[in-house]
Amino acid sequence: MDGGQAKASTPRPAAKPPQGLSTSALDKKLSLRKRARADAERNLPRHDSTDLSETELAVIDAVAGERGRVDQSRHEAKAEAERTLRALSPTPQDFAGPALDARLALKQAAGRLAHDWSEAGARAAEARSDLDAFKRMHQLRRSAVYPRSTLLQAGMLFCAAVFEALFSAALFAEDDARGLLGGAITAIGLSGANVTLGYLGGFLGLRYLQHVRLPMKIMGGAAFAVATFFALMLNLFAADWRDRLAEQAGRQIDMGSDSSFHLWSLLPLESPQAIILLMLGAGVWVFAALKGYSGFDDPYPDYGKMDRAAQRAADELSDYRAEARGELEAPINAAKAALAARVEKMRAEFDAMNKAFDGAAIKMELLDAKARALDEAAAGAVHLYRQENMALRTAPAPAYFSAPPPAAGPSLDALAASAAMIDEARSRLAEAHAQSTQALEALLGELDEATRKLDTGAIE
């Protein structure tokens, strides 16, 4: 066996010749030393002889029978290995069929999705176009700024109103005949009205003051002025009322009948509580106005609405594309699984084939070791005869004594045909893998192309 039959790193197994066929056994069986001495006395074989002597031929013949049986076993093992490998050879697979089926299914899916895909794209494009036109018309070069959720902003506004109501209730309760309950009712009403006026002043006033159209600016200015005026009157009234309660402690104040409540009477504030109440109301009003200005939407009117509409259309398109892409990928994934299964089947067959080859190589190596042992025993016996003969003869030994004796059987050959079958199967497997990869890459390219056509409306 040579390196083509077994791995180079695998050592050759040692073997002994069968019983009675070792060098010592042949010497005893054939009386090699005795016959060598007898031949040497007669200077046989002659110095010019080219043929083996009778004794040398007897050695070869004694080994040839067993060597022939080993050679027959080797021949049968080679034939069996070739039959087994031929039966296990990977079966050619169809890689075009799954790709064709996937291609047809992809085309059908693209046709079904074309209309809805086009509409989603048109809606997104229209919303984007409307937003761009709005920005050009209103000279907006910045992105829209608004909270993703208004819940936090509403909570902050509510907390400001509650804070003002609690603080005001404590101040009113000190001199209100109704106590804490009366102060709380008054404070809640005043705080609610103050926060509402602040919010409206910011939302309808400050936002529209920056509008590019003059009528909208005027409307915004008017709204802000009105809200500011009423808020000022409300907070001055609340502060002055706190002073009046302190002055008239124990008497119920009737706003409808007390003629002392006039606009000019609201300006002088005498108690620290009234001043604090006025400052608190003004601060809460400013906070509510800022929240109305930019806390719930973009400061520029309708900009946030337009931006959200465009973003919502874009998100809808993105969601639809993701869902549609999944439908388009379904036949591709099915083809991928089918192609992988075919390649895996061939790989499993090749593995079984390779395992069978390894088993055959081990069996052949054992037979080769046995054949080599027989050849070495024969060679050793012939060498023993020649050495004994040359030591005693007076005439020169024949020239062929210096050459190695012939083998008792034919030269050993490797599992060349089986190895070639393995190489062919390996090439077939590599080609199958390449075909599968090419088919899948082509399908992925068609998927991308179908997606591109759906985006551009090329598929109807």
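Values in this text are rule-based calculations from the coordinates and carry no lab data. Owing to the predicted nature of the structure, the values given are computational and were not obtained by experimental measurement. Counting neighbours? That spans all protein chains shown, and the Cβs are built from the backbone with ideal geometry, glycine included.
Here are the numbers:
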quantity: Theoretical gain in end-to-end length, E76 to A348 [0.36 nm per residue, Cα-Cα removed]; calculated: 95.3 nm
quantity: Cut-off 12 Å between beta-carbons: net charge of the residues surrounding D448, Lys and Arg +1, Asp and Glu -1; calculated: -2
quantity: Efficiency of FRET from Cβ geometry, E424 and A322, R₀ 51 Å, rounded to 0.05; calculated: 0.65
quantity: Calculated from backbone phi, Karplus (6.51, -1.76, 1.60) coupling profile of segment 358-373 in Hz, x at Gly/Pro; calculated: 4, x, 5, 5, 5, 4, 5, 5, 5, 5, 4, 5, 5, 5, 5, 4
quantity: Least to most buried among F296, F229 (fewest other Cβ within 10 Å first); calculated: F229, F296
quantity: Taking F237, F203, F158 and counting other C-beta atoms within 10 Å, the order from fewest to most; calculated: F158, F237, F203
quantity: Set K135/K453; K78/K345; K107/K345; K107/K453; K305/K453; K29/K363 screened for pairs whose C-alpha atoms are more than 20 Å apart; calculated: K135/K453; K78/K345; K107/K345; K305/K453; K29/K363
quantity: Residue exposure sequence - H433, H115 - by fewest surrounding Cβ within 10 Å; calculated: H115, H433
